[in-house]
Structure formats: C-alpha cells, structure tokens
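Right, one structure below, let's go through it.
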Amino acid sequence: MKKEQVLSKLRECGLVAVVRAKDAADAMRIAQACIEGGCAGIELTYTTPGVNAIIEKMAKEYDNTDFIIGAGTVMDSETARMAILSGAQYVVSPYFNSDTVRICNRYRVACMPGAMSIAEVVAGMEAGADIIKVFPGELFGPQILKSIHGPIPQAELMPTGGVSLNNVEEWIKAGAVAVGAGGSLTAGAKTGDYAKITDTARRFVEKIQSARSLG
C-alpha cells in the first residue's frame, strides 16, 4: 500500500491504538481486539519484546486490508529501518529526530514524530513528517491544538497520551486529524478482558465520527 493510502486510511478512521504488551502473544491479542473494534491504525511499540517479529507477522496477515500496521516508540533511524524492513507501514516516535524522518522519507513510509512545542512542530514539518504527534497530550489538553493551529493552520496533529473516551470528541473538535490511545483503550488486557478492548475501540471510533459530523 502506498504511503498516501496509508495516511488516508489513518485519517479516515481517526484512531491509532498504541499497543504495549508484556510479550508477543499479548500484543497480538490486544491488536486483534482493537481491529475487531474497527480501529484501522495499530501501533506496535518497541517496548514490547520481539516486536519486529510481531510487526512482520501482522503486516503480512493484514496486507491489502483496511487495517494498517505500524511501529511505535521508535527512538532512532536504525530502529526505524528495522521496523520498515519488518513491514511497518508507518513509524511513530515520542520525539522529533531528523534522521528518523529522513529514513522514513527515503522508503516512502509515513512518519509521525512527537512534539511538545511550536518549534518542534515546525521542525518536524520542515523535515518532511506527515503527521505530528502531540505528546504527551495530558500535559496540554485539547486547547494546545487550537494554539498550534493559530499560527500553523496547515499542521496535521495527532494527540497521544491522555486521550480517553471522555475527551476524544474534544480533541477532534479542537482539530486533531487522528488520536493515539494507549492505556485508556487497551486496559482490558490487564485482566484478560479483550472483549472490553474491542468494545472500547468501537466506542472510540463512534465518538470520533460523531465529533466530525458535528463539525
């Protein structure tokens, strides 16, 4: 799938599931539960043991579908290349690193570096990032998106951290092109309640679509 198609599907759904797990089996079950709930973006993080193999397996399994497998917590360009060679269709970082963005652009893979300031947002955009991950979102709240869009209306922003069912509509109305959700989405895994994850994912997607329809 071409980069533009990947970005289009992520924007359309509006939800990226941040999957942090204790092992490969747990990561797969969390990811599949999110997919069953209609979450198009699965972000398999490098805090999970053996994540390259998980990315490779899921990328093959969901190839040519509406579900996009990406890599998260990518700290440097070396890790980004490993993720891309494993089949990751997008790369998410907690901070801006120009070498990571550069290698993603070399392979034409969507890149979403983290930013906490106007300067970092602009640096990411100038380097060629596709979407800027506003992180950690809980430090700012939805108002930060309006503040950024004041001087930089063209910035595509994806808040991550602190996004929940209680506030996701506020984030979307504030201008988020998509949101990243971790613990608030995948909490059911702690008790083995993967059906809860599926239900939560479905409710996230519904709220995102509802917020968009209301403008």
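Where in region 97-129 are there trypsin sites (Lys or Arg not before Pro) that are in a DSSP coil and have at most 13 other Cβ atoms within 10 angstrom of their Cβ?
Passing sites in region 97-129 are Arg108.
Put +1 on the Cβ of each Lys and Arg and -1 on the Cβ of each Asp and Glu in the chain; which of Met75, Tyr62, Pro159 then has its Cα farthest toward the positive end of the dipole?
Tyr62
So which lysines pass the test for Lys3, namely a Cα distance under 24 Å, with those fewer than 8 places away in the same chain ruled out?
Cross-link targets: Lys57, Lys60, Lys133.
Would you look at the GNM of the chain, springs on alpha carbons closer than 10 Å, and say which of Lys133, Lys173, Lys22 moves the most?
Result: Lys22 has the largest fluctuation of those listed.
Explain nothing, just the number: relative contact order of region 69-206, from Cα pairs under 8 Å at least 6 residues apart, as a whole percent. Let's see the in-between values first.
Values: 234 pairs, mean separation 20.5, N = 138.
It rounds to 15 percent for region 69-206.
How about Lys207: which aspartates and glutamates have a C-alpha closer than 15 Å to its C-alpha, ignoring those fewer than 8 places off in the same chain?
Filter leaves Glu12, Glu169, Glu170, Asp199.
Out of the total accessible area of the chain (probe 1.4 Å, heavy atoms of protein only), what percent is carbon and sulfur?
Carbon and sulfur together cover 50 percent of it.
For region 70-208, just run the numbers: alpha carbon Rg, then divide by 2.2 N^0.38 Å, N being how many residues it has.
1.06
I'd like the isolated cysteines in the chain, meaning no second cysteine's beta-carbon lies under 4.7 angstrom from theirs.
Unpaired cysteines in the chain: Cys13.
For region 116-131 and region 61-93, compute the distance between their C-alpha centroids and round to whole Å.
Answer, in whole Å: 20.
The values are calculated or read from the model by the stated rules, or taken from the named source; none is laboratory data. Owing to the predicted nature of the structure, the values given are computational and were not obtained by experimental measurement. For neighbour counting, all protein chains shown are included, and Cβ atoms are generated from backbone atoms with ideal geometry for every residue, glycine included. Calculation scope for accessible area: heavy atoms of the full protein, side chains included, ligands and nucleic acids excluded. Shrake-Rupley method; radii C 1.70, N 1.55, O 1.52, S 1.80 Å.
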